[in-house]
Structures are given as structure tokens and as C-alpha cells.
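Have a look at the structure below, then the notes.
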Amino acid sequence: MGSSHAISGAAAWVAVTATAVPALGLYPLAPSAVLLGALVAAGAALLPDADHHNATIAHSVPVLGKVAAGAVETLSGGHRHGMHSLLALVGVITATIGLSFVQWTPQGWDHPLQFGSAAAVAACTAFAVKVLTLVKSWSTAWLVGALAAAAVLASGPHAVSWLPVCIGVGFVAHLIGDVLTVEGVPILWPLRWRAPRFVRGLPIVSQVWKANGSFAIPILGHAGSKREWLLTLPLACYALWGLGASALVVYGPI
């Protein structure tokens, strides 16, 4: 399921930012930013599942990954609880903005090095290339992430000003995907609002507004269903189309 989340994150980023293909145009960026941001958004789309001990992120670093995922799982109340909420979305975006202030200007340099943003880019890129099986090992995934981080460090201070938006787009793509499953997500966590008593027994209400406070529009069935993969296929095609068109703008015809 991690790959479907990553693909949805990349497709969402293309839809929001690309100018070389039909897109929403909500946050238009240069094609180079679309290319790098697609990998970052794909990795960010895995962040909500940091609350699961067997998620992709839990395997990213030996021992420490599982320890971190276990801690997040405990603090957020378990899988598909706190990390799958609007509160977590705000927290992740705020943390990304905070990382942008972690910088240092070496003597003789004309711009600060964005170490915080570079670290976020490295991690999300590593998550993305591994879950999409673009590389085989985590060591190679982190090498790719390090190269992306180096590009950020070599760029000017505003090169990744779009990073908080990118992380948010990937995170939201994951939440939307989970809302479309039977299990749903507790989007208003830690609030546990239930449907009003007089409509609670209606079948449609019980499917959309669950007793545990989760919301669902279960058109995809259960998580990991065939319907989910049928949706993932056109999303993958759209993402590849958008990235290919952006690459042609940046690098020209091959």
C-alpha cells in the first residue's frame, strides 16, 4: 500500500504545480521544482503511516526506524489515529517550516546552507525511491536522498521555499486515499465526535461517520483492495506524463 500512497502524492504534486501538462495550477512552479518536488511529495505521502511498526519508514534505518515508528504509534494512539488527522497535518507542515530556519552560512559563501530543509528532502526522497522500488536497498535510497539534499544545499536560500507546501500535498494525498476506504480516518482527532443519535442507526451514516469518530467515503473498499490499485494505475500514468513533460522542458528532447 505504500507504493499507492507514494504514487498519489507524486500525482497530486504534478496536478498542483505543473505547467507543462493539464493541471490545476493552484501553485505553479518551475519544471525543475516539479521534478524534485514529486519525489519529496511521494515520500511525504508515507509520513502518516509512521504510526505503524511495519511501515516503509520503520525499515528505513536499522533498529532506530522501528523504535521511532513504535514511539509514534504509542504517542498517536495507534495506527490510523493521531497521525491520520488534521492536527498531524498542521504539525508536519509547521515542523517543515521550522526546519527551514536550521541553516548556516560558511565564511565566504553568499547564501546560507539550508541544512534543515535538505534533511527533509533527503528523507522524503529516500522513502520515495525505496517504496517505488526505483532502488533495491536502503543504502542506495539514502545515497539518492543525499544527492537531492546536496542539490538543495548548493542552491540559493529560496530554492525549496515550496517545501512546506510539498510536504502538505503529499500528506493530504495519503489522508484522502484513506478516507476513500472502508476503514476511514479520524480526521478530527483527538476529538471523537459521533453522529447525532437520531441518524446514527442509518446505514449510510454508519458507513461514513463511524462510531470511533472516523470518517469514510468507502468507494475503494478496504485498504489494499483491487479498486485501490485500479485508481493507482491512472494516477501513476498521470504522474509519469507530468514528470516526463517537465523533464523535457528542463533538459530538452533526448
Scanning the stretch 195-211 for residues that are surrounded by 12 or more Cβ atoms within 10 Å (Cβ to Cβ) and at pLDDT below 70, the one farthest from L86 (Cα to Cα) turns out to be L202
Which members of the stretch 42-65 meet the condition of being farther than 19 Å from A146 by Cβ and surrounded by 18 or more Cβ atoms within 10 Å (Cβ to Cβ)? A45, L47, P48, D49, A50, D51, H52, A55, A58
If you check H81 against the conditions, is it of a type outside the set (F, W, Y), touching a residue at least 24 places away in the same chain (Cβ under 8 Å) and under 26 Å from L233 (Cα atoms)? no
I'd like the residue in the stretch 45-80 that is of a type in the set (G, A, S) and touching a Gly at 6+ places or on another chain (Cβ under 8 Å) and, out of all such residues, is modelled with the highest pLDDT. A45
In the stretch 212-230, residue farthest from A38 (Cα to Cα) [restricted to those that are under 19 Å from the mean Cα position of the chain (by Cα) and either modelled with pLDDT of 90 or more or of a type outside the set (A, V, I, L, M) (or both)]: G224
Across the stretch 141-167, what is the total count of residues that are at pLDDT below 90, more than 29 Å from P62 (Cβ to Cβ) and either under 16 Å from the mean Cα position of the chain (by Cα) or among the aliphatic types (A, V, I, L, M) (or both)? 2
Can W104 be described as free of Cβ contacts under 8 Å to residues at least 12 places away in the same chain, over 17 Å from L163 (Cβ atoms) and in contact with a helix residue (DSSP H, G or I) (Cβ under 8 Å, 6 or more places away or on another chain)? yes
Got a number for residues in the stretch 1-40 being surrounded by fewer than 17 Cβ atoms within 10 Å (Cβ to Cβ) and in a helix (DSSP H, G or I)? 1
Looking only at the stretch 84-101, and only at residues there that are in contact (Cβ under 8 Å) with a residue 60 or more places away in the chain, of a type in the set (S, T, Y) and over 18 Å from N212 (Cα atoms), the one that is surrounded by the fewest Cβ atoms within 10 Å (Cβ to Cβ): S100
Looking only at the stretch 232-253, count how many residues are free of Cβ contacts under 8 Å to residues at least 12 places away in the same chain and either in a helix (DSSP H, G or I) or touching a Leu at 6+ places or on another chain (Cβ under 6 Å) (or both). 6
S32 touching a residue at least 12 places away in the same chain (Cβ under 8 Å), within 21 Å of V144 (Cβ to Cβ) and out of contact with any Leu (no Cβ under 6 Å at 6 or more places or on another chain): yes
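The values are calculated or read from the model by the stated rules, or taken from the named source; none is laboratory data. Everything numeric here is computed off the predicted structure, so don't read it as measured data. Please note: Cβ atoms are built from the backbone with ideal geometry, for glycine as well, and neighbour counts cover all protein chains shown.
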